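What follows is one structure encoded as structure tokens, with my remarks underneath.
The values are calculated or read from the model by the stated rules, or taken from the named source; none is laboratory data. Everything numeric in this text was worked out from a predicted model, so none of it was measured. Glycine gets a Cβ as well: all are built from the backbone with ideal geometry, and neighbour counts include every protein chain shown. In case anyone asks, the SASA skips ligands and DNA or RNA and just uses the protein heavy atoms, side chains included. Shrake-Rupley method; radii C 1.70, N 1.55, O 1.52, S 1.80 Å.
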Amino acid sequence: MPLPAVQLDGTIVLQAPDLDLRATLLCGQCFRWEERGTGFFGVVSDRAALVSYRDGNLLIAPATPLKEDEAAFWRNYFDLDRDYEALRRQMALHPVLREACAFASGIHILRQPFFETLCSFILSANNNIPRIKGIIERLCACFGPALEDGHFGFPSPETLAALKKEDLAPLRCGYRASYLLDAARRMASGELDETALKAGPMPDARAALQTVMGVGPKVAECVLLYGLGRMEAFPVDVWMRRALLEHFPQGFPEEYRSCAGLAQQVLYHWVRQSGKSGEKA
DNA sequence: AGCCAGGGAGTCG
DNA sequence: CGACTCCATGGC
């Protein structure tokens, strides 16, 4: 008999039989989760929570007051309603993807808030993950809404759009400051329509995203995948380029397009952690 | 000191 | 188009 979604102590219990929480939160798709004891603490949008995994269930202990849609919010964030079994079944048809899947099973593609994702990956350009995390934390602490537990939510496009690049000096994000402001202004002006980016043709969505300063092919694919839920997106960095050359000399096969995003994430996890394809320590 | 970090913009030819 | 160079910052 299924557990109620919200327990008496406020903990939300979500069934997630095939989820690898640790791999999902540490594989480089998100920047605001920190391992804490047996779980992870993080802030998404304006909600903070301590999450953990036990007996096939994802346990969410919100650190900010529960909203009416709390369970639905986290269910969507962790992408629990997508049929990952079907995606992995399809990937198992390809020898390379099958091997990568076996190594990194249980990774979910997070459905992160769009603007937050856009900013995060603009900041990721020619940067390393620890420093990206630091910049994002300073961005939230300086300009984000104060949450009830002392943490800070992600600033709104309107808030950032009203700033000048000198105001962003405390972030120490270098030349990316003006890119951040451009993204915020495009959002605030309504020029970037999240609904259209989610539903419209991929080429149109790519082109629209790349009109933002600091958004090139790589960042656009990341935003499409992690911030707009578009599984057909396929971010390619130098490592992935190497892996593609080695394992997919004719390019990523179109017949796997519907699971491309997960395939990319799994391949990335695989080549970075198992020493496959490129021998950097 | 020098190199690298999940790239991208600007400028050449 | 393709092949450069520079871009701020911090860690090693």
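What to note about this one:
- Within the range A:203-214, the set of residues being open to solvent by 10 Å² or more (accessible area, probe 1.4 Å) and under 17 Å from A:ALA184 (Cα atoms) comprises A:ALA208, A:GLN210, A:THR211, A:MET213, A:GLY214.
- Only listed residue being open to solvent by 30 Å² or more (accessible area, probe 1.4 Å), free of Cβ contacts under 8 Å to residues at least 40 places away in the same chain, outside the structural domain of A:ALA243 (by TED's automatic domain parsing) and within 15 Å of DNA strand B (Cβ to nearest atom), chosen from A:PRO170, A:PRO130: A:PRO130
- One residue stands out among those in the range A:10-43 that are surrounded by fewer than 19 Cβ atoms within 10 Å (Cβ to Cβ) and basic (Lys, Arg): the one that is farthest from the chain's Cα centre (by Cα), which is A:ARG36.
Each row is one residue, and each column tells you yes or no for (1) within 15 Å of DNA strand C (Cβ to nearest atom); (2) of a type in the set (Lys, Arg).
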residue	(1), (2)
A:ILE132	yes, no
A:ILE135	yes, no
A:ALA162	no, no
A:ARG172	yes, yes
A:SER178	yes, no
A:ARG230	no, yes
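- Answer from A:CYS119, A:CYS140 - the residue that is part of a helix (DSSP H, G or I), closer than 30 Å to A:THR64 by Cα, in contact with a strand residue (DSSP E or B) (Cβ under 7 Å, 6 or more places away or on another chain) and outside the structural domain of A:GLN29 (by TED's automatic domain parsing): A:CYS140
- Selection status of A:ARG241, away from DNA strand C (no atom under 16 Å from the Cβ) and of a type in the set (Lys, Arg): no
- Matching residues in the range A:94-130 - criterion: being among the β-branched types (Val, Ile, Thr) and away from DNA strand C (no atom under 16 Å from the Cβ): A:VAL96, A:ILE107, A:ILE109, A:THR117
- Of all residues in the range A:35-62, those that are within 21 Å of A:GLY153 (Cβ to Cβ) have Cβ atoms under 7 Å from Cβ atoms of residues that are of a type in the set (Val, Ile, Thr) and in a loop (DSSP other than H, G, I, E, B), 6 or more apart or on another chain, in A:ARG47/A:THR64; A:ALA48/A:THR64; A:ILE60/A:THR11; A:ALA61/A:THR11.
- Of the helices (runs of 4 or more DSSP H) that lie entirely inside the range A:172-280, those containing 3 or more residues that are farther than 23 Å from A:CYS119 by Cα span A:238-247, A:260-273.
- Among the residues here, A:TYR84 qualifies as of a type outside the set (D, E, K, R), within 25 Å of A:GLU254 (Cα to Cα), under 19 Å from the mean Cα position of the chain (by Cα) and at pLDDT 95 or above.
- In the set A:ASP79, A:ASP46, only one residue is charged (D, E, K, R), buried (at least 17 other Cβ atoms within 10 Å of the Cβ) and under 13 Å from the mean Cα position of the chain (by Cα); that residue is A:ASP79.
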